[in-house]
């Protein structure tokens, strides 16, 4: 009887721990622990309204611009999500950014993937995507414009 009680307490502790782990917000400092060390942000992929557009936008050695982009990502609160090999680039609206430290994917459904870890935005689900997309329209060059 005593061993069953100990086993039950162990299971309840694990379940409670997992609920806390996934239910409470993750500080953005834990998602982007070295964001002040980013020196380059390169846009890899943009999909908007299910149309794939290759934007060429790169910010290098401009800390004000880099921190501006990172502040868009940090403006939201995130929860952890359970995912196996998350990939947001197949979403109808997605942006993929590559930095010297992180591979970042964002979509308009409120998901963020950073170096293979998936997070869900808690509040303004499409705002981060829309702000990044607006930044790209202002500062990026499409593959058609580049040729």
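The values are calculated or read from the model by the stated rules, or taken from the named source; none is laboratory data. In this text the structure is predicted, and so the values were computed from the model without any measurement. Don't worry about glycine lacking a Cβ; one is built from the backbone with ideal geometry, like all the others, and counts go over all protein chains shown.
So that you can scan it fast, the table gives a plain yes or no per residue for (1) at pLDDT below 90; (2) touching a helix residue (DSSP H, G or I) at 6+ places or on another chain (Cβ under 8 Å); (3) surrounded by 14 or more Cβ atoms within 10 Å (Cβ to Cβ); (4) not in a loop (DSSP other than H, G, I, E, B):
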| residue | (1), (2), (3), (4) |
| --- | --- |
| 4 | yes, no, no, yes |
| 20 | yes, no, no, yes |
| 30 | no, no, no, yes |
| 45 | yes, no, yes, yes |
| 65 | yes, no, yes, yes |
| 69 | yes, yes, yes, yes |
Margin query: I want to confirm something. Restricting to region 119-132 and keeping residues that are crowded, with 21+ Cβ neighbours inside 10 Å and touching a residue at least 40 places away in the same chain (Cβ under 8 Å), which single residue is farthest from residue 21 (Cα to Cα)?
Written below: 128
Next item on the list: Name every residue in region 90-118 that is in contact with a strand residue (DSSP E or B) (Cβ under 7 Å, 6 or more places away or on another chain), crowded, with 16+ Cβ neighbours inside 10 Å and part of a loop (DSSP other than H, G, I, E, B), in order of residue number.
Entry: 91, 93, 102, 110
Notebook entry, point to check: Which one of these does residue 87 not meet: (1) over 19 Å from residue 111 (Cβ atoms); (2) not in a strand (DSSP E or B)?
Noted result: (1)
